[in-house]
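**Student:** Sending over a structure as structure tokens; questions will come in a sec.
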Amino acid sequence: MLTKRVLETQQEDKSQWLRDLMALVAEKRDRVAFGQLFDHFAPMLRAYSLAQQPGAHLIADEIAQEVMIRLWEKAHTYKPEKAAVSTWVFTLARNYRIDMIRKTARFVDDVDPSRLWDEMEDDAAEPFQALQEKRAKEQVHKGLKELPVEQVQVLAKVYMEGKTHQEASDELDLPLGTVKSRVRLALRKMEVVLRGSE
Amino acid sequence: MMASYHPPTELLAAYAAGTLKNSYALCVATHLEYCSECRAAVQRLNIVGAELMEDLAPTEVSESIKSAVFDRLDQIEAGQSSSPSSSASPIGSAFVSDVGNASVQATTAPSEPAGNVPKSLSYFNISDFSSLTWKKATKAISSSRLFCDVNDARVELLRIMPGGSLGKHTHIGEEVTVILQGSFSDEDGVYCRGDFMIRDESHQHMTVATNDAECICLTVQDGPIQFTGWFMRLLNPFLRIIWVRSAEPAY
């Protein structure tokens, strides 16, 4: 079926392939499809973990395993019209990281933080129109390659290394305001968040 | 109604990246319930995370990791709660024990709080605002503490009677406010349900609830507020302890 489709780009081809695999996992509990998703995402998930904790290979293995288990368990909650599989997997990985940070008590308080992200993801109301989602993904994909290096660097610090703006500012030896404005500029250029003029 | 005041872009990005501290994340999550525009923005911000993740140099995964995961699938399928971490979600475990998942969805959906309480506050088991223990600070204002975040940031609900005023004040740290019910105004504008405000030392403002209804908002105080009226200024040293107790109009 997949081969019959006339696909515009390799990127779209990959997105559809991942969606098909997810459908097989969700509906048929298909282990071959799950194995392919594992081969695709596990190396990425390890890299995501290592970006935050360089050299911590055991933790990276654990993240890869646990996030893939969550993918298996939550496959039926994945909504293909709302997000690409990779976007959904990113949110699973991020939420897992938030849980881990809580366990190691960086945020000491009485709240279970994963709920603040989890539940919003699950019922983020109106489905993000499939077409808009596709367009946004293409824009970000292309946009990241065209951004100035220093803007990508700040985004990577925040998203991949899990640094707060303050930590990014300390590490890059930049004023806090500069870090924030690079984030804003990058996101505006990719048309991710357009408002905010300063 | 749509919210018209939104979190700054970099705050939404930190939320999507998962680096925002809980008190701020709670405020953003609450705003998102009222704001479809920001929900769509967060969806796009998640795409940025996904693309950056895909751009990382992939690392090798040993076969033993993969076979360990498949062993876990066997255990899950066998209906055992096998996850060594506490991360097994109710949705996930329910799914294996109940194939038709329509009923599962219903039972695992977050309990819908009554009235005007946003879902983001469901963790605190608030059935409705009037059932909370409100500590009266002045005739016009009472507060109810939710929790304390890192750096002693206080997360509370404030209840301002119709026409009540918080007095003229500024902040040592940052203050984030999300309106849950009613509305209030300051020198910069009128704020309604869902609106998200962030204030710091550079803002000296005076907050007044509108006359027709009481106003309830979620606030995070990153540092004590400073009253700037001539009389209240004398009180500043004491306000680090209980600032809101003396929040009568300062003029």
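**Student:** Long-range amide H contacts for B:Thr210: which residues qualify at under 5 Å (H placed 1.01 Å from N, peptide plane, sequence gap of 5 or more or a different chain)?
**Tutor:** Amide H to amide H, under 5 Å and 5 or more residues apart or across chains, B:Thr210 pairs with B:Gly163, B:Ser183, B:Phe184, B:Ser185.
**Student:** Amide H to amide H under 5 Å from A:Lys163: which residues, 5+ apart in sequence or cross-chain, H placed 1.01 Å off N in plane?
**Tutor:** For A:Lys163, whose amide H was placed from the backbone, the distant partners under 5 Å are A:Val158.
**Student:** What do you get for trypsin sites (Lys or Arg not before Pro) in region A:1-91 restricted to DSSP loop and a cutoff of at most 12 other Cβ within 10 Å of the site's Cβ?
**Tutor:** Details: sites: A:Lys4, A:Arg5, A:Lys14, A:Arg19, A:Lys28, A:Arg29, A:Arg31, A:Arg46, A:Arg70, A:Lys74, A:Lys82; in loops: A:Arg5, A:Arg29, A:Lys82.
Qualifying residues, ordered by number: A:Arg5.
**Student:** Other chains near A:83-92: what is the mean number of their Cβ atoms within 10 Å of each residue's Cβ? Write down the numbers at each step before the final one.
**Tutor:** Values: counts 4, 5, 1, 7, 11, 2, 4, 12, 7, 0.
Neighbouring Cβ atoms belonging to other protein chains average 5 per residue here.
**Student:** Turning to a different aspect of this structure: Using a 10 Å cut-off on Cβ atoms, rank the peptides B:120-126, B:157-163 from the highest mean neighbour count down.
**Tutor:** Details: B:120-126: 17.4, B:157-163: 20.4.
Going by the mean number of other Cβ atoms within 10 Å, highest first, we get B:157-163, B:120-126.
**Student:** Moving on to the next point. Can you sort B:Trp134, A:Trp88 so the residue with the fewest Cβ neighbours within 10 Å comes first?
**Tutor:** Placing the least packed residue first, the sequence is B:Trp134, A:Trp88.
**Student:** Per-residue Cβ counts within 10 Å, from other chains only, averaged over B:67-73: what number is that? Can you show the working numbers first?
**Tutor:** Working: counts 0, 3, 11, 6, 0, 6, 7.
Averaged over the peptide's residues, the number is 5.
**Student:** Let me confirm one metric for peptide B:123-133, namely the mean number of other chain beta-carbon atoms within 10 Å of its residues' beta-carbons.
**Tutor:** 1
Taken together, the values in this text are just the output of simple stated rules run on the coordinates, not laboratory data. Computed from a predicted structure; not experimentally measured. Note that each Cβ is placed from the backbone with ideal geometry, even for glycine, and that neighbours are counted across all protein chains shown.
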